[in-house]
Structure formats: C-alpha cells, structure tokens
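The values are calculated or read from the model by the stated rules, or taken from the named source; none is laboratory data. What you see is a predicted model, and the numbers here were worked out from it, not measured in a lab. Heads up, the Cβs are rebuilt from the backbone with ideal geometry, glycines too, and the neighbour counts pull from every protein chain shown. The accessibility values were calculated without ligands, DNA or RNA, using every heavy atom of the protein model including side chains. Shrake-Rupley method; radii C 1.70, N 1.55, O 1.52, S 1.80 Å.
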Amino acid sequence: MWLFLAFASALLLGFYDAFKKQALTGNAVIPVLFLNTLFCSLIFLPFIILSRQTHCLDGSIFHVAWGTLAMHKYILLKSCIVLSSWIFGYFAMKHLPLTIVGPVNATRPVMVLIGALLFFGERLNGWQWGGVALAIISFFMLSRSGRKEGIDFKHDRWIYFLVLAAVLGAVSGLYDKYLMAPVSSGGVGLDKMMVQGWYNIYQCLMMLVVLLLLWYPQRHHGERFRWSWSIPCISLFLSAADFLYFYALSQPDALIAVVSMVRRSSVIVSFLFGAAFFHEKNLKGKAVDLALVIISMIFLYIGSR
C-alpha cells in the first residue's frame, strides 16, 4: 500500500514541477513562492478549523490535531527546513532547464538513504542497493550533459542552489520519518495531517515576512511579478502529492529510503514537460540519464516486494 502511495505522489509531484517551472519563467521568485505557501495554507485551513470547532472530521484521515506547544516546535523546525529548501530550489528552477533540475532532484534519496542507515537502522537488499548505485551514476552522467548547454556543475551557482535544496529536502525527509514514527520506536508520534496542515501555515507566515522585508521594498527593481494560473496549480498538486507522501510514511512497514527514491520518479513527468512544452535542448543525452533513473526505480520496486 505504501509503495503505491509513493508512486501516486511521484506522479503528482511531476506536474507540480512542471507548473512551478512555468510560473517562474520570466517572473519574480519570492512572490511566487509566497503565493504557493498561501494557497497551500488555504487548502488546509478549513480542515484545521473544522477539526478544532466541530466533530465532523473526527476519526477521518482529514482530521487535524491541535497539538501541544512542544509538538508545534517540532513542526516549526520542519517549516524552516522545507522553506529553506524551497527558496534555493525555486531560484535554481528559474535559471536551470527542467530536464536538468528533475534528474538532479532524483538523486536526493541517496542522501536520504545515508541518513536512514545512520539514524533509523534501515537496511536495503541487493536490488535496492543496485537502484541507488544507478542513481549515483546518473548524476555524473547528467553533469556531462549539462556541459553541452554551458552549465558547469562545478562553477554554476544555480547548480549549488539546486544541490543545497536537495540536501535540505533530504534532511526534511528524514525528519518526517522521525516526526511520524511512534514514540515507542523513538519518534515523536505526530499525525500526518497535523504535520502537513500546520507546517504550511507556518511557512506562509515566514514567507510573508520575507516578502515584506526583502521583495516588496525592491519590487520596482529587477524582475517584476506577474500573475499566472500556474501558481495555484503549484499548490494544488504539491498538497495532493505531500498528502499521499505523508500517508505512505505513516504506514508501519514503510521504508523512508524507498519512499523517497520512488517519489523522485516524478522526474519522468517533469522531463516530458520539459521536452514538449519548454522545448529544452540535448534531450537525447538527458534521456540516457533519465533511463538510468527509471531503471533504478524498477530495481527499488523489485527489491521492496
């Protein structure tokens, strides 16, 4: 069940990346990111209010617990980690081809794997290790493809932004497992809807401060903001993808390393969008890199059965 949820989350995440690229093209990054956090908050705010004021959601998968102050401190830390990853990732997405961003993000579970081995004691079998090895190889092949477009992985600051976003995203993935693991297993034992609902609210408040202090005073300098219907689509697909992701992690037998790797198969969808709608270059070379990522996902699927 958790593996199916992970693949469904990956599909939605691919559409999320495509809408994000479209919204950021020729647009100011900070207001786009703020609106994303705002719309995500508006999606979950009704569930929070109904859960607090009524009993109609009691016992359902949409119930959002109010929680204690100590619990909200954990969620606030998650908001800081995720928002930092998003800030770096959005700037990288704006300045790099989608067919580069997707495969690089697909190597994020390798970082999660290392953390899962160190902190959660997870163990992978031979098939799963083979999938991880192929994902690592694909990263180095992608750097070769990037050179053909004038992107030097060693000196391009947007690549560093992308890698930093991936590292922070991996930290967030490990932290998610810790937040939702039962107390008896050394976790915090938070409900998935509580984490997803409240961390979006906190992110929105933090981005409002960033918007007012950093972007708004300089809004007439640099790239201007323009409205795009792709912006609310970012929030819609992200919220749905994250809901399935958290639901997968809440399953007792779920492996964080495998869930994170499968989730990155969203690169298939984003790659197709990059080719068909953004007319990006060097697709044949990148297709080989993408094929390695797909094979690595197959290896992980076989190994997890």
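Per residue, what accessible area does the range 127-227 have, given a 1.4 Å probe and all protein chains present, in Å²?
Working: 5320 Å² over 101 residues.
It amounts to 53 Å² per residue over the range 127-227.
Using Cα pairs under 8 angstrom and six or more residues apart, how large is the relative contact order of the range 189-301, in percent?
Numbers: 30 pairs, mean separation 30.2, N = 113.
The value is 27 percent.
Where in the chain are the helices, taken as whole DSSP H runs, whose Cα atoms extend 20 angstrom or more along the long axis and whose Kyte-Doolittle mean reaches at least -0.5? Spell out each step's value before the answer.
Numbers: long enough: 2-24 (32 Å, 1.08); 29-53 (36 Å, 1.84); 69-95 (39 Å, 0.89); 126-147 (33 Å, 0.62); 157-180 (34 Å, 1.16); 192-210 (27 Å, 0.87); 230-249 (28 Å, 1.52); 283-304 (31 Å, 1.59).
Membrane-span-like by this criterion, though nothing is claimed about a membrane: 2-24, 29-53, 69-95, 126-147, 157-180, 192-210, 230-249, 283-304.
If I compute solvent accessible area with a 1.4 Å probe over the protein chains, what percent of it on the chain is carbon and sulfur?
Working: 9660 of 13790 Å².
Carbon and sulfur atoms account for 70 percent of the accessible area of the chain.
Mind ranking 43-49, 210-216, 243-249 by how tightly packed they are, going by the mean number of other C-beta atoms within 10 angstrom, highest first? Walk me through the numbers on the way to the answer.
On the way: 43-49: 16.6, 210-216: 13.3, 243-249: 22.3.
In decreasing order of mean packing, 43-49, 210-216, 243-249 become 243-249, 43-49, 210-216.
What is the magnitude of the charge dipole of the range 147-215 about its Cα centre, with +1 placed on the Cβ of each Lys and Arg, -1 on the Cβ of each Asp and Glu, and no other charges, expressed in debye to the nearest 20? Intermediate values should be presented prior to the final figure.
On the way: 6 positive and 5 negative charges, 34 e Å.
For the range 147-215, the charge dipole is close to 160 debye.
Work out, in µm²/s and without decimals, the Stokes-Einstein translational diffusion coefficient of the chain at 10 °C, 1.306 mPa s, Rh from Kirkwood over C-alpha pairs. Could you put the intermediate results ahead of the total?
Details: Rh = 19.7 Å.
My calculation gives 81 µm²/s for D.
Before anything else, pin down the relative contact order of the range 165-244: Cα pairs under 8 Å, at least 6 apart, normalised by residue count, whole percent. Let's see the in-between values first.
Numbers: 27 pairs, mean separation 14.6, N = 80.
Here the relative contact order equals 18 percent.
So how much slack lies between Arg224 and Leu164, counting 0.36 nm per residue of separation and subtracting their Cα-Cα distance, in nm?
Numbers: separation 60, 0.36 × 60 = 21.60 nm, distance 2.58 nm.
Computed gain between Arg224 and Leu164 is 19.0 nm.
Sort all Cα-Cα distances of the range 172-234 into consecutive 10 angstrom bins from zero, then give the percent of pairs in each bin up to the one containing the longest distance.
Using 10 Å bins, I get a P(r) of 17, 30, 27, 18, 7, 1 for the range 172-234.
Can you tell me the order of 265-273, 180-188 when each peptide is scored by its average per-residue count of other Cβ atoms within 10 angstrom, highest first? Numbers along the way, then the final one.
Numbers: 265-273: 22.8, 180-188: 13.3.
Ranking, from highest mean packing down: 265-273, 180-188.
Lysines within cross-link reach of Lys177: Cα-Cα under 25 Å, excluding same-chain residues under 8 positions apart?
Lys73, Lys78, Lys192
Just report the Cα centroid separation between the range 182-226 and the range 26-80, whole Å.
Answer, in whole Å: 10.
For q = 0.20, 0.22 Å⁻¹, what log10 I(q)/I(0) does the range 221-305 give under the Debye formula with an equal point scatterer on each alpha carbon and no solvent?
Once normalised to I(0) and log-transformed, intensities are -1.06, -1.12.
If you roll a 1.4 Å probe over the heavy atoms of the protein chains, what accessible area per residue do you get for the range 1-94, in Å²?
Working: 4080 Å² over 94 residues.
Heavy-atom SASA per residue in the range 1-94 reads 43 Å².
For Phe237, what charge total do you get from the other residues with a beta carbon under 12 Å from its beta carbon, if Lys and Arg give +1 and Asp and Glu give -1?
Details: positive: Lys20; negative: Asp17, Asp242.
So the surrounding residues net to -1.
Gaussian network model of the chain, Cα springs within a sub-10 Å range: biggest mean-square fluctuation belongs to which of Gly14, Gly274, Gly189?
Answer for the Gaussian network model of the chain: Gly189.
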